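Working notes for the structure below.
The values are calculated or read from the model by the stated rules, or taken from the named source; none is laboratory data. It should be emphasised that the depicted structure is a prediction, and the values quoted were computed from it without experimental measurement. We place every Cβ from the backbone using ideal geometry, glycine too, and count neighbours over all the protein chains shown. These accessible areas exclude ligands, DNA and RNA; they are computed on the full protein's heavy atoms, side chains included. Shrake-Rupley method; radii C 1.70, N 1.55, O 1.52, S 1.80 Å.
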Protein chains: 2
Amino acid sequence: MADEEPTSIWMQPEAHERSGPGRRPGYSREQITRTAVQIADAEGVEAATMRRIAGELGTGAMSLYRYVPRRDDLFDLMIDLAMSEIELPDGPSGDWRGDLTLLARQTRAAGLRHPWLIALLTSRPTLGPNLLRVHEFALSAFNGTGLDIDDITGFVGMLNDYVHSAIRREIGWLEEARRTGLDPERWKRDYMGPYVRQVVESGAFPLFNRSVLDSRTAHLAPEERFRHGLDRILDAIAALIPSLRPR
Amino acid sequence: MADEEPTSIWMQPEAHERSGPGRRPGYSREQITRTAVQIADAEGVEAATMRRIAGELGTGAMSLYRYVPRRDDLFDLMIDLAMSEIELPDGPSGDWRGDLTLLARQTRAAGLRHPWLIALLTSRPTLGPNLLRVHEFALSAFNGTGLDIDDITGFVGMLNDYVHSAIRREIGWLEEARRTGLDPERWKRDYMGPYVRQVVESGAFPLFNRSVLDSRTAHLAPEERFRHGLDRILDAIAALIPSLRPR
DNA sequence: AGTCATTCAGGTACCATGTACGCAAATGGA
DNA sequence: TCCATTTGCGTACATGGTACCTGAATGACT
């Protein structure tokens, strides 16, 4: 292989597209990525090591480097594979609220199916084709509302910020429990519980106490809570769109 | 040391508080944490290894484990130390918008001083005393607006989601450049640039193109951009508060 | 003062990780 | 048939977290 200049994984052609002399590749980026995703889903990203992925494929760890330059690039591929599961119509329906609600739900579903997705997505600047596709759909939902591109980008950002954070809140502590090796119930009761109880009983943070003790939304099902927050964001956006304000 | 049951780091007493027989501790959690923060600031979290921190302190790696059960707990301590730098008045001023703007700016400053802070903070469910202090201040800013605790929690969440994401957007690609070992300018031009150019020239994502090419806010100074987004969030919150709506 | 349980310092060691390097096997063009 | 090229992958190295162990320090009790 020629000296690979360091550039985005999306610029580097797949091995099997080549024609000419040389041994035919026995694997593919997609196959490797799919395997990595399966392992990460079942046991966490930290279990998706090069050796483990290769083992699952019945090959040696170093073989993977014929397809992926660095492990970080594999993360980008994993993100994009997960994003590819987000099914959206070809174009906006004209109902921006409905379109964005659909997108938010699909994103949440993908985030729950792949508990590592949001953490990876927000921890590195990646722009895979499927992320672009999804992002374009979000932007397009505001087409026809008379907003300029900066406002559209801002609103889509607001929505993304909420969706990502909400998903993180929903699964964050579950992932932490898994990482520490405790089962979630034990983690909540024995690990985090005593500290929170002590903080609450100290009375040092009265509003925090109210948010823990007096919350009604805390007892909602996760999906309801997600929907609640989503509606609030969409309400906020609607309130800021002049052309929609006098409704 | 007695068999430590696995519980939050904040529940485990410092060694120097103990009285009774035994050698006196030569270090402290604070000292260790401060060293870790310095290294992480200068070279990234991944450089703040147990060996490296211990080396900086002139001791052996295993000595640190007398003060910190696991490396992850050290992360919690680092987060809290960074949060302790966020200076806030003792109570809300009555001007919720001003209070939250102050908080947002202080958070941004801490996030820029410690480029690893937001990534750690949002990647694990942690609740150190300084995070609680800051969170309590945010909640208290809405005291007296007649909102119930769930709405307050929701708005503070909206604000936090924005602030964290905005900081991440501001430094995310710089961190990525550092991780890959390229200087930021090269990374943008040689690594990410060619791909983005190809995407733009393909014309496949017209609204994405407009957001890249026609954006006015993209050319603002980072601080202005942050302020822009912050104002939009605060506007959105204001628009949702019934008691403030008819202004 | 002497004894001793207790605690700290830190070296050694084990295992897992990403990945550089090199060589043999496979493959298609000349 | 030859050979440049590419893949498969074993070996090896540097680096990581941390379990375990020994020896030194220290205060309480006799």
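For this structure, a couple of remarks:
- A:GLU56 - accessible surface, heavy atoms, 1.4 Å probe, Å² rounded to 10: 110
- With respect to chain B, whose longest principal axis is taken over its alpha-carbon atoms, helix B:29-43 is tilted by about 40°.
- C-alpha long axis of helix B:149-180 to longest principal axis of chain B, angle in °: 80
- Approximating the spin labels as points 7 Å out from Cα along Cα→Cβ, the A:ARG179-to-A:LEU213 distance works out to 3.1 nm.
- Solvent-accessible area buried by pairing B with A, both sides, nearest 100 square angstrom, 1.4 angstrom probe: 5500
- Part-to-part distance (alpha-carbon centres) for the range B:119-144 and the range A:132-200, which is given in Å: 16
- Computed on protein heavy atoms with a 1.4 Å probe, the accessible areas place A:ARG232, A:ARG225 in the order A:ARG225, A:ARG232, largest first.
- Taking the longest Cα principal axis of chain B as reference, the axis of helix B:129-140 is set at about 40 degrees.
- Based on alpha carbons, the Rg and Dmax found for chain B are 22.0, 74 Å.
- Treating r as the C-beta distance of B:GLU46 and B:ARG105 and R0 as 22 Å, the FRET efficiency rounds to 0.20.
- Most mobile of B:GLY146, B:GLY172, B:GLY128 in a GNM of chain B (Cα contacts under 10 Å): B:GLY146
- Sorted from nearest, the other copies put their A:ARG70 label points 2.8 nm away, the label point being 7 Å from Cα in the direction of Cβ.
- Heavy-atom accessible surface of B:MET158, to the nearest 10 Å², is about 10 Å², with a 1.4 Å probe and all protein chains retained.
- GNM top mover of B:VAL45, B:VAL196, B:VAL68 - chain B, alpha-carbon springs below 10 Å: B:VAL196
- In this simple spin-label model, placing a label point 7 Å from the Cα along the Cα-to-Cβ direction at both B:HIS228 and A:SER19 gives a separation of 4.8 nm.
- Distances in nm from B:SER93 to the matching label points in the other copies, shortest first (labels 7 Å along Cα to Cβ): 4.5
- With its label point put 7 Å out from Cα toward Cβ, A:THR7 sits 5.7 nm from the same residue's point in the other copies, in order from shortest.
- Average beta-carbon neighbours from other chains, 10 Å sphere, peptide B:159-165: 5
- Residue order by solvent-accessible surface for A:ASP99, A:ASP148 is A:ASP148, A:ASP99, largest first, with ligands and nucleic acids left out and a 1.4 Å probe.
- Highest-fluctuation residue, A:HIS114, A:HIS219, A:HIS228 considered, GNM on chain A with Cα pairs under 10 Å: A:HIS219
- Average other protein chain Cβ within 10 Å of Cβ, residues B:149-155: 6
- Shape analysis of the range B:9-82 yields a ratio of the Cα radius of gyration to the Kirkwood radius, Rg/Rh, of 0.96.
- Peptide B:228-240 - average C-beta neighbours from other chains (10 Å radius): 4
- Cα-based shape type of the protein assembly as shown, given that a ≥ b ≥ c are square roots of the gyration tensor eigenvalues and the cut on a/c is 1.5: oblate
- Nearest-10 value in Å² for the accessible area of A:TYR27, using the 1.4 Å probe: 70
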